[in-house]
1. Can you name the number of the only condition in (1) within 17 Å of residue 170 (Cα to Cα); (2) surrounded by fewer than 16 Cβ atoms within 10 Å (Cβ to Cβ); (3) at pLDDT below 85 that residue 68 fails?
2. Please determine, by comparing only the residues of the range 25-42 that are among the charged types (D, E, K, R) and either part of a loop (DSSP other than H, G, I, E, B) or surrounded by 18 or more Cβ atoms within 10 Å (Cβ to Cβ) (or both), which one is farthest from the chain's Cα centre (by Cα).
3. Quick one: in the range 334-355, of everything that is in contact with a strand residue (DSSP E or B) (Cβ under 9 Å, 6 or more places away or on another chain) and of a type in the set (D, E, K, R), which residue is farthest from residue 292 (Cα to Cα)?
4. For residue 307, indicate whether it is acidic (Asp, Glu) and either buried (at least 19 other Cβ atoms within 10 Å of the Cβ) or assigned to a loop (DSSP other than H, G, I, E, B) (or both).
5. Name the pairs: first residue in the range 75-90 and under 16 Å from residue 189 (Cβ atoms), second residue acidic (Asp, Glu) and not in a strand (DSSP E or B), Cβ to Cβ under 8 Å, at least 6 apart or on different chains?
6. So which of 163, 113, 125 ends up being touching a helix residue (DSSP H, G or I) at 6+ places or on another chain (Cβ under 9 Å) and outside any strand (DSSP E or B)?
7. How many residues are out of contact with any strand residue (DSSP E or B) (no Cβ under 8 Å at 6 or more places or on another chain) and closer than 25 Å to residue 91 by Cα if we restrict to the range 286-333?
8. Restricted to the range 1-15, and to residues that are at pLDDT 80 or above and outside any strand (DSSP E or B), which residue is nearest to residue 189 (Cα to Cα)?
Amino acid sequence: MTDSIEEQTQEELFCIGCGAKIQTTDKNQLGYTPSSVLKKGLETGQLYCQRCFKLRHYNEISDIQLSDDDFLALLNQIGDSDALIVNVVDIFDFNGSIIPGLHRFVGDNPVILVGNKVDILPTALNPNKMINWIQKEAKEQGLHPIETMLISAKKGNSVDELLALIDRERKGRDVYVVGVTNVGKSTLINRIIKQTNGMQDVITTSQFPGTTLDRIEIPLDDGHALIDTPGIIHAQQMAHYLHDKDLRLIAPQKQVKPKVYQLNAGQTLFLAGLARFDFIQGDRAGFVGYFDNELYIHRTKLENADDFYGKHLGDLLQPPHPEDLADFPELHRYEFSTKQKSDLVFAGLGWITLPADVVVAGYAPKGVSVMIRKALI
């Protein structure tokens, strides 16, 4: 009986967690579901692929097997549509979470820029300063959003306001929710579903990158839809250099607490083995770090820093772990001089607030952004 059900309906069966087409023949391909559980899924209406089932119940992740061409085709499809675009970014990793060239793909469609994870910002940070900075960075990328707002998809902060904004601006059109991996996009979709019709955790969510594997359409009252798209892979995210168990360090789950370091010129801070900060020139001063509360930070002398890193990477300085060292890239150095109180931002990790009139250097894996901005606090 199960085989006949598969034969009759397989063409129209999709995982309700990630949107992948269900198949029962190849466990190494997307959408695989054992035949033994297919019938039960059809009867209950809760049909998940094996990948989503393991992710939901055991917190296990499988590799993504979608190509860059698939993502490119999706972006082109958005550009050909008459739609409202909701672009979700990570406020702790704006430069790593902005979609390269998005402004070329959206065409004339309006964009709402949504900065997620506001709940982990330090209490002293003025949200309006963060919004202004995000808008400035977006414009430098060629993106001109009609509105910018901060939310917490996890906590639900300002999600009602976002829904009201979407309802006002979509004007009878579909809504595409886009973002790179690991920005909390599917968590936001789940929050929207929960707040609009009471269904909870319909779409698979995780701290792991790349959960949504095909577009998922949530019907709206007027016949249009809210469309959740796959998380687009951005190779310059710190997440791609970390083991799954360490992703929490770049995706803080609790409000970040500032850590103050009184430094003399000639001192170095290692941010585990992932990044490095050198105080090169200036008077003794306090430097304030804003990182995940569990990130290991080690202070040492600048003159010994290179040897220390080479000796202790993967040991005292973890992550990365010993088994990941072969694939971990060298750190790239960026030097800055400040004229005013500034933030040195390590994309995906956090930032260090610097005083005026100092010379510093920041290091991160090649391709991961290290940049300076006017201090937000």
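1. That leaves (1) as the condition not met.
2. Let us first name the residues in the range 25-42 that are among the charged types (D, E, K, R), namely 26-27, 39-40.
After this cut, where a residue has to be either part of a loop (DSSP other than H, G, I, E, B) or surrounded by 18 or more Cβ atoms within 10 Å (Cβ to Cβ) (or both) as well, the list is 26-27.
Numbers: 26: 30, 27: 28 Å.
Looking at the filtered set, the residue picked out is 26.
3. Of the residues in the range 334-355, the ones in contact with a strand residue (DSSP E or B) (Cβ under 9 Å, 6 or more places away or on another chain) are 334-338, 340-355.
Right, trim to of a type in the set (D, E, K, R) and you get 335, 341, 343.
Values: 335: 24, 341: 22, 343: 16 Å.
Going through the qualifying residues, I end up with 335.
4. Values: acidic (Asp, Glu): yes; either buried (at least 19 other Cβ atoms within 10 Å of the Cβ) or assigned to a loop (DSSP other than H, G, I, E, B) (or both): no.
Answer is no for this residue.
5. 84/169
6. Numbers: 113 fails: outside any strand (DSSP E or B); 125 fails: touching a helix residue (DSSP H, G or I) at 6+ places or on another chain (Cβ under 9 Å).
163 is the lone residue from the list that is touching a helix residue (DSSP H, G or I) at 6+ places or on another chain (Cβ under 9 Å) and outside any strand (DSSP E or B).
7. Number of matching residues: 4.
8. Going through the qualifying residues, I end up with 15.
The values are calculated or read from the model by the stated rules, or taken from the named source; none is laboratory data. Fair warning: this is a prediction, and the values are worked out from it, not measured in the lab. A quick note on method: Cβ atoms are made from the backbone with ideal geometry, for glycine too, and the neighbour counts reach across all protein chains shown.
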